[in-house]
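Notes follow once the structure below has been shown.
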Amino acid sequence: MRKRALWCGLLAAAVVLSGCQSGTQQAGQTQAATETEAESASQSETAAQAEESSGDQEDSFGEAGYKEGVYTAQAGGNNGDVKVEVEFSADAIVKVTVVQHQETPGLSDPAIEKIPQRIVDGQTLNVDAISGATNTSNAILEAVADCVTQAGGDAEGLKAKEARANTAVEEMTADVVVVGGGASGSGAALAAAGKGAKVVLLEKAAGVSGAGTMAGVMFADHSSLQKAAGKEVDTQWLYDQYITDSNYNANGALVTKVISESSATVEWLMENGVKLTLLDAGYGAQYNHKGMPTTAHGYADGGSAAIQTLHERIEELGGQVLYETPGEELLFDAQGQVAGVAARKADGTTLNIHAKSVILATGGFGGNKEMMAEYFGEKAGTGLVGTATGDGLKMAWSAGAAEHGSHVAQWFGMKYDGAKSKEMPNGTGKLTELVRNPLLFVDKYGNRFGNEEEAYESAALGTMMYNLPDAKMYIVLDQGIVDDVAEKGLADVFVDRWGHFYGQGVSYVENGKTVDLDASTENLRTPRDYTETLEEAVAAGVAYKADSIEELAQILGMDSLTETVDTYNQLCADGNDTQYHKDAHFLYAVDEGPYYVVETALRCLGTLGGVKINEDMQAVDEENKPINNLYVAGADAGGMYGNSYVMFEGGTLGFAYISGKVAGENAADHAAGQ
């Protein structure tokens with residue numbers, strides 16, 4: 001795979017991974033600062049070796065020299081500043097240590113461990129980002145460059161210093177090779193290994209990665225947890241949800257197969273060490289789900305821990321898990337049949353894996369800016385997983401698989417401008433608590449566009465936002481609502497979101513953070529003045545403030561805002577929203593200054609399709625004929641959705657694990673000649 005150096009200006013997706021602190025699900029999730037010490041002895045030894053061999057390298061920076069000593073600097077990472085400490089001798093970078101950061105534990109660990117070592121190994125700043133932790137990698141490199149400058153070195157020269165190309169080629173064989181080590185790929189590899197197949201799992205990132213590390217729940221209909229709680233779900237209800245939410249575009253046979261395997265997949269995951277807990281509907285940001293059937297099986301220890309557990313189990317069964325080894329293209333035999341995968345190791349070595357079955361599970365193309373723009377327009381931005389760049393789709397298409405579902409993205413709630421939100425000293429969590437409620441929502445021109453109660457349904461809100469000009473939504477509120485919340489609390493003014501969970505001790509792990517619903521309920525029930533939060537947002541450019549609506553309209557260039565507010569206030573006075581039918585409980589007039597407008601942008605979790613498959617997870621052509629030896633799972637696979645995500649809990653993660661398990665079992669059987 002062709003990689004570009006960090007200093008060419010690569011940017012990862014919105015959040016990549018853990019760091020997108022936007023939307024209610026991530027409110028208040030800024031990670032506590034942690035201390036991480038690098039292995040200084042190993043780095044010092046490498047630095048000494050670099051000094052000994054520096055005379056053999058062109059453009060050696062030993063000639064220029066450094067001012068001996070230890071220097072510190074910091075640069076903005078995913079969740080905040082990353083601080084480094086760099087030790088220099090007169091001729092070399094001796095040691096790089098990340099001494100403080102706010103990055104998400106687990107997801108950022110590979111960058112924190114490997115980027116410092118690679119800087120020392122190569123005596124260069126021309127180091128590729130760790131896939132899945134690009135923002136953290138960039139922050140380390142930027143901070144080290146600052147230290148190089150402080151020490152009198154040539155930072156720009158170090159950024160340009162090229163590593164030697166590796167032209168080595170290795171060959172290996174397997175029964176099943178799986179491309180992509182997220183939820184679907186890990187499920188596929190484990191299922192294949194469990195049937196006795198010789199399995200190789202390839203993962204582009206340096207460690208556990210993918211949307212499955214961030215997701216919270218998967219669905220099932222009749223799991224042991226549901227049976228024990230007396231909360232089994234009607235299978236037909238689930239089928240109807242998929243079919244109607246897709247506007248009858250979903251593949252019915254595929255939907256039926258996935259639902260029928262859902263409970264067995266939950267049991268299988270738990271048998272293999274994944275800890276799951278049953279959650280009633282409405283546990284997260286989707287208050288609108290309250291009262292729906294209990295489909296959600298949530299991670300008790302988080303997605304990263306769950307997938308790490310699966311990787312360890314794969315290895316226990318004799319499989320291999322190869323990190324920093326992305327699959328690049330399919331191998332074909334003399335008859336043109338799929339016969340394996342060509343991959344690229346971290347050192348540049350080409351690895352040809354000859355296999356009887358190939359499973360593609362690379363997570364869609366949400367991290368590919370060019371593909372996202374091609375399919376959804378520039379306004380779509382990118383998804384949360386930077387490593388999901390369409391690799392699996394391109395490989396499947398190259399084998400003759402039909403394209404299907406490429407137009408489906410998982411629009412999910414809202415976010416703020418990344419650069420601006422980082423200027424808020426206390427993060428955006430409290431701001432989201434306040435504004436992710438049915439206030440007055442308008443587009444860039446100041447026009448109201450729908451029922452704001454969809455603030456409590458992330459998929460619906462995201463889909464509505466995608467259809468707005470520039471996919472931007474502006475939330476209008478006044479001092480009156482701020483004062484009401486300061487007096488009564490959010491739960492009283494809007495809804496008691498998690499009150500139906502209160503006192504049950506319910507908790508789950510999402511995005512690496514434990515969510516305690518008792519604590520969350522108490523937080524929303526407590527009266528709180530959000531004025532300081534709004535002022536921080538204004539200072540950061542996330543929000544705007546004025547003494548009149550007319551002034552706000554002028555500041556924002558919203559020609560329709562004044563008329564919109566006048567019309568809305570009349571609906572509030574009448575207690576009847578004849579325009580978009582919002583519940584009268586949420587009709588709060590915007591008539592008491594000062595006034596605020598909070599700017600939000602579309603949030604995309606990723607894409608949900610691209611390759612046409614059948615119910616056995618085989619890639620198929622335009623005539624629905626299977627592509628021999630090729631299977632597709634998870635977000636690479638099309639056929640489950642229409643033009644949006646489903647409106648019940650656990651659909652995507654459920655499909656990832658279920659499709660992976662089915663693909664793995666079928667691929668193993670095929671490899672064994674069954």
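The values are calculated or read from the model by the stated rules, or taken from the named source; none is laboratory data. Fair warning: this is a prediction, and the values are worked out from it, not measured in the lab. Note that each Cβ is placed from the backbone with ideal geometry, even for glycine, and that neighbours are counted across all protein chains shown. Note: areas computed on protein heavy atoms with side chains; ligands, DNA, RNA excluded. Shrake-Rupley method; radii C 1.70, N 1.55, O 1.52, S 1.80 Å.
The Cα-based radius of gyration and maximum Cα-Cα distance (Dmax) for the stretch 138-239 are 23.6, 69 Å. Rolling a 1.4 Å probe across the protein heavy atoms gives the chain an accessible surface of 38 Å² per residue.
Here the gap between Asn352 and Ala90, fully extended at 0.36 nm per residue and compared with their Cα-Cα distance, gives a gain of 90.0 nm.
Split the accessible area of the stretch 333-458 by element, probe 1.4 Å, and carbon with sulfur accounts for 47%.
When the Cα positions of Thr349, Ala300, Leu310 are compared along the charge dipole of the stretch 277-362, Ala300 comes out farthest toward the positive end, with charges on each C-beta of Lys, Arg, Asp and Glu. Among complete DSSP H helices in the chain, those whose alpha-carbon atoms stretch at least 18 Å along the helix's long axis and whose mean Kyte-Doolittle hydropathy reaches 0.0 are 134-150, 651-671. Rounded to the nearest 5, the antiparallel percentage of DSSP beta bridges internal to the chain is 75%.
Full extension of the chain between Gln570 and Asp547 gives 6.3 nm of extra length, using 0.36 nm per residue less the Cα-Cα distance.
Accessible surface of the stretch 79-214, 1.4 Å probe: 44 percent of it comes from carbon and sulfur atoms. Between amide H atoms placed 1.01 Å from N, distances below 5 Å from Glu328 occur with Ala342, Ala343, Arg344, all of them 5 or more places distant or on a separate chain. Farthest towards the positive end of the charge dipole of the stretch 552-674, among the residues Leu605, Gly654, Ala589, is the Cα of Gly654, using unit charges on the Cβ of Lys, Arg, Asp and Glu. The magnitude of the dipole of the stretch 434-511, with charges of +1 and -1 set on the Cβ of Lys/Arg and Asp/Glu and taken from the Cα centre, is near 220 debye. Using R0 = 56 Å, the C-beta based FRET efficiency linking Glu592 and Gln335 works out to 0.15.
Subtracting the Cα-Cα distance of Thr235 and Ile555 from their residue separation scaled by 0.36 nm leaves 110.0 nm. Please enumerate, by chain and number, the lysines with C-alpha under 29 Å from the C-alpha of Lys161, excluding those fewer than 8 residues away in the same chain. Lys161 reaches Lys3, Lys67, Lys83, Lys95, Lys114, Lys204, Lys345, Lys369. Model label sites at Thr149 and Tyr248, defined 7 Å from Cα along the beta-carbon direction, differ in position by 6.2 nm. The heavy atoms of Tyr544 offer some 60 square angstrom of accessible surface to a 1.4 angstrom probe. Structural descriptor for the chain: relative contact order 19 percent, calculated from alpha carbon pairs under 8 angstrom and at least 6 residues apart.
Taking amide H atoms as placed 1.01 Å from N in the peptide plane, the amide H of Gln320 lies under 5 Å from those of Val199, Val200, Leu201, each 5 or more residues away in sequence or on another chain. The separation of the stretch 191-234 from the stretch 481-556, counted between C-alpha centres, amounts to 33 Å. Over the residues of the chain, the helix contribution to mean residue ellipticity at 222 nm works out to -10000 deg cm²/dmol, using -39500 (n - 2.57) for each DSSP H run of at least 4.
Counting only heavy atoms of the protein chains and using a 1.4 Å probe, Thr124 has close to 10 Å² of accessible surface. About the centre of its Cα atoms, the chain shows a dipole size close to 1300 debye [charges on the beta carbon of Lys, Arg (+1) and Asp, Glu (-1) only; nearest 20 debye].
For the stretch 88-103, putting each phi into the Karplus relation 6.51 cos²θ - 1.76 cosθ + 1.60 with θ = phi - 60° gives couplings of 10, 8, 5, 10, 8, 7, 8, 7, 10, 10, 7, 9, 7, 6, 10, 6 Hz, in residue order, rounded to whole numbers and with x for Gly and Pro.
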